[in-house]
Amino acid sequence: MGTQFTAIWIALLLSFPVILSGRDDGLLRIGLKKKKLDQLGRRVVPGPVNLISKEHGRGASKPSATRKYYNLGETEADIVALNNYLDAQYYGEIAIGTPPQTFTVIFDTGSSNLWVPSSKCYFSLACLFHSKYKSSGSTTYVKNGTSAAIQYGTGSISGFFSQDSVEVGDLVVKNQDFIEATKEPGVTFLVSKFDGILGLGFQEISVGKAVPVWYNMVNQGLVKKQVFSFWLNRNVEGEEGGEIVFGGVDPNHYKGEHTYVPVTQKGYWQFDMGDLLIGTETTGLCASGCKAIADSGTSLLAGPTTVITQINNAIGASGIVSEECKMVVAQYGKIILEMLVAQAQPQKVCSQFGFCTFDGTQGVSMNIESVVEESPDKSSDGLHDAMCIACEMMVVWMQNRLRRNDTEDQILDYVNALCDRLPSPNGESAVECSSLSSMPSVSFEIGGKLFELSPEQYVLKVGEGASAQCISGFIALDVPPPRGPLWILGDVFMGRYHTVFDYGNLTVGFADAA
């Protein structure tokens, strides 16, 4: 297809103020907005662009002809009606300080800190184009000054901690620690339309062990129930972009009952996931279980390269050919296949060839303790080079085809085809928009139930008509043991399934979105 797509697996949300609404049913609803995007992820607005006031660090939209009012719950929400062009970006509004300085943020379940640009950010271009917090303008500001830095998947920030009141809807969280960002290097935050990020993960992954905003909502008695939930609207014709509810769930945005699974490791909202199916066939890797997280801060759906390649092959996605993969197939494919037929231990095959210095239980050339049976804090990260990864993927693929009783030639042809489907360095792959009807569904087993995604739900369409381009919603991300392999169920999944984060019972729940 020849088109290079920008990496969008971390949701770079477009900022725009929204009036937050509370109701007397004990739920706090925050409307999330959708923006029309062009093929580079930039904002496309018919007519004049609404300007953002930067006076005193506050961001407020000016009235325009596109503004309209509609009822969100029992109160009117002031919403700018824009079309969504790529169901990938959601955001909301908060305020910090007294009087309040407003900012747009990603509500991110994949991180745990709150940060916004600082008025002391002098040398990062990104700060020039976003609302900045001015501590001298707040009567409730408390100095901290401890340095802090966060590295995200597609960007990083650094700065220092401060403390102030934070408004989320009608709730006022007092004495909240947050980061004033003084450096935002690179282009990630420069081209984004949001100001900062509000993390909704656990304190275990909070930089500086800062108490997250959600913890303080609970500790200060601001919510009736220790639950928050997401509805992300995937209807491109819809005016509402979505909704996050603090203190409960909105029954208007899901159907049936939620399937709940326990949080297995506090940090991310992590849980155990069962098998993963392409159509009706297992992919093999997760037959005995995998780890997964529900992450509102990720636009797409990320998983191990081994399985993502299988999925992209099944849906006809085009990536970059891996020379390492092709070379391993050509030189060692038949021998590896013979070893598997002879019942060799799959996890030890690649180490026996010298591709890997770790065989799944111990170091081969060094006395490295098992990361499976020993310390959960030890990892094989750094031991898996390109040849090792290519070999290990091939072993999984071959095992799958052996279960089908394929011939040697069929298996080697299949593995070569998968090599051709390895994703590009940034992880994204393109598909033919005209082929959606022939693509298989992809299903995830969670809590004993299959959660299916149809092609229309896992493919992101950019543009209309003959010029339309389509992006696979699946991208490769290899997280090494013991934390991985890890599946990241981002907006592609959460848009299809209404998601509840139950902090009181330490569970995550999914139900059909409505």
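Summarise the accessible area of region 89-202 (1.4 Å probe, protein heavy atoms) by the percent that is carbon and sulfur.
Summing carbon and sulfur atoms, their accessible area is 57 percent of the total for region 89-202.
For region 215-340, what % of the accessible area comes from carbon and sulfur atoms, probe 1.4 Å?
Numbers: 2340 of 4930 Å².
That fraction is 48 percent.
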> Net charge near GLY504, counting Lys/Arg +1 and Asp/Glu -1 over other residues with Cβ under 14 Å of its Cβ?
Replying inline: +2
> Could you give the nm distance between label points at LYS449 and SER156, where each point is 7 Å from its Cα heading toward the beta carbon?
Replying inline: 4.1 nm
> Given the Cα atoms of region 183-238, and with Rh set as the inverse mean 1/r over their pairs in the Kirkwood sense, what is Rg to Rh to two decimals?
Replying inline: 1.08
> To two decimal places, what compactness ratio does region 159-302 give when its Cα radius of gyration is scaled by 2.2 N^0.38 Å?
Replying inline: 1.25
> Each label point is 7 Å from the Cα along the Cα-to-Cβ direction; what then is the distance between the points at GLN347 and LYS224, in nm?
Replying inline: 4.9 nm
> Can you list residues whose amide H is under 5 Å from ILE475's amide H, if they're 5+ apart or on another chain and H is modeled 1.01 Å from N?
Replying inline: LEU301, ALA302, GLY303
> Separation between the LYS255 and GLN203 pseudo-spin-labels, each 7 Å from Cα along Cα→Cβ, expressed in nm?
Replying inline: 4.1 nm
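Output the peptides 97-108, 260-271 sorted from most to least packed, where packing is the average of other Cβ atoms within 10 Å over each peptide's residues.
Details: 97-108: 21.7, 260-271: 18.6.
The peptides rank, most packed first, as 97-108, 260-271.
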>> Can you give me the long-range amide H partners of SER296? Hydrogens built in the peptide plane at 1.01 Å from N, cutoff under 5 Å, separation of 5 or more residues or another chain.
In response: THR109, GLY110
> In sequence order, what are the phi-derived ³J(HN,Hα) couplings for region 492-502 according to the Karplus relation 6.51 cos²θ - 1.76 cosθ + 1.60 with θ = phi - 60°, rounded to whole Hz, with x for glycine and proline?
Replying inline: 4, 7, 5, x, 7, 10, 4, 10, 10, 10, 9
>> Students often check this: by mean Cβ neighbours within 10 Å, which of 338-344, 482-488 ranks highest, and how do the rest follow?
In response: 482-488, 338-344
> What part of the accessible area of region 433-508, given as a whole %, is carbon or sulfur when the probe is 1.4 angstrom?
Replying inline: 49 percent
> Which entries in LYS326/LYS449; LYS348/LYS461; LYS134/LYS291; LYS225/LYS291; LYS183/LYS266; LYS120/LYS461 show an alpha-carbon gap greater than 31 Å?
Replying inline: LYS326/LYS449; LYS348/LYS461; LYS134/LYS291; LYS120/LYS461
>> Among LEU460, TRP487, LEU436, which residue has its Cα furthest toward the positive end of the charge dipole of region 428-504, with +1 on Lys/Arg Cβ and -1 on Asp/Glu Cβ?
In response: TRP487
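When ranked by the protection proxy of mean other Cβ atoms within 10 Å per residue, highest first, what sequence do the peptides 411-420, 137-146 form? Walk me through the intermediate numbers first.
Working: 411-420: 18.7, 137-146: 13.5.
Final packing ranking: 411-420, 137-146.
The values are calculated or read from the model by the stated rules, or taken from the named source; none is laboratory data. What you are looking at is a predicted structure, and each value in this text was computed from that prediction instead of being measured. Quick reminder, even Gly has a Cβ in these numbers, built from the backbone with ideal geometry, and neighbours come from all protein chains shown. Ligands, DNA and RNA are stripped out before the accessible areas are found, and what is left, the full protein with its side chains, is counted by its heavy atoms. Shrake-Rupley method; radii C 1.70, N 1.55, O 1.52, S 1.80 Å.
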